[in-house]
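Have a look at the structure below before the remarks.
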Amino acid sequence: MYVPVVNHVDDEALIREFVAERGSGTLITVGPDGIADATLLPVLWEADRVVAHLARANDHWRRMVDGAAGLLVVQGPEAYVSPSWYSAKAEHGRVVPTWNYSAVHLRGPVTVHDDPEWLREVVTGLTDRHEAGREHPWAVTDAPERYVEGMLRAIVGVSLHVESVEAKAKWSQNRSEADRAGVLAGLSDPAARARMVSGSL
């Protein structure tokens, strides 16, 4: 990922919070034939490991080679930025459109997991994470045990050992204060906000 200094984020706590808030990422791996596969997965990032699961019917896991390189892309809010929002447009007209966004890239070797107890732990962790804050949170143990066992047989786990982290927040930091104010006003327009993914980095 190209990350100019002005857009670089290196606060680990902030990056981890961002990934936790998004709750999902696109796992990209390359199969033995050189063809890339990508699957959007619910994820948990704990210590130096990201864990997730995917449907057993999804051939992506069969094409993963344990220890092969993986890339998890976690996307945040993004939006088109019109040059008409910049005060610089009226001053000199030397402005062009751009795209603002936040993203985190986690890289490292992947491992496929087919152990039912490993999967149960991951599913329980994901459920607890996303049910937290609800008045009456649902738990995996709320479902009949035989049903849970059947559902666990329908998924396969995957983990990524995080060896590198890149985080980028491209939000007009390279523009003047007046231009940034114009972008903020433009993105506050209901039509623009309707097209923008929520969340921030």
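The values are calculated or read from the model by the stated rules, or taken from the named source; none is laboratory data. Predicted model, so just to flag it, every value in this text is computed and none were measured. Cβ sites come from the backbone with ideal geometry, for glycine too, and all protein chains shown count toward neighbours.
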**OP:** Return a yes/no flag: does the range 2-24 have any residue that is under 19 Å from Gly67 (Cβ atoms) and either surrounded by fewer than 16 Cβ atoms within 10 Å (Cβ to Cβ) or touching a residue at least 40 places away in the same chain (Cβ under 8 Å) (or both).
**Re:** no
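Is it true that His130 is in contact (Cβ under 8 Å) with a residue 24 or more places away in the chain and either assigned to a helix (DSSP H, G or I) or more than 29 Å from Asp48 (Cβ to Cβ) (or both)? Talk me through it step by step, then tell me what you get.
Details: in contact (Cβ under 8 Å) with a residue 24 or more places away in the chain: yes; either assigned to a helix (DSSP H, G or I) or more than 29 Å from Asp48 (Cβ to Cβ) (or both): yes.
So His130 passes the test.
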Subject >> Residue list for the range 150-193, filter: farther than 30 Å from Gly108 by Cα and at pLDDT 95 or above >> reply: Gly150
Original post:
Residues in the range 156-169: is at least one surrounded by fewer than 18 Cβ atoms within 10 Å (Cβ to Cβ) and without any contact (Cβ under 8 Å) to a residue 12 or more places away in the chain?
Top reply: no
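Val110: surrounded by 15 or more Cβ atoms within 10 Å (Cβ to Cβ), in a helix (DSSP H, G or I) and touching a residue at least 40 places away in the same chain (Cβ under 8 Å), yes or no?
Details: surrounded by 15 or more Cβ atoms within 10 Å (Cβ to Cβ): yes; in a helix (DSSP H, G or I): no; touching a residue at least 40 places away in the same chain (Cβ under 8 Å): yes.
For Val110, the condition - surrounded by 15 or more Cβ atoms within 10 Å (Cβ to Cβ), in a helix (DSSP H, G or I) and touching a residue at least 40 places away in the same chain (Cβ under 8 Å) - is not met.
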Subject >> Boolean, Arg16 is under 15 Å from Arg107 (Cα atoms) and assigned to a helix (DSSP H, G or I) >> reply: yes
**OP:** Give just the number: which of (1) under 15 Å from the mean Cα position of the chain (by Cα); (2) closer than 19 Å to Thr111 by Cα; (3) part of a loop (DSSP other than H, G, I, E, B); (4) aliphatic (A, V, I, L, M) does Ala57 not satisfy?
**Re:** (1)
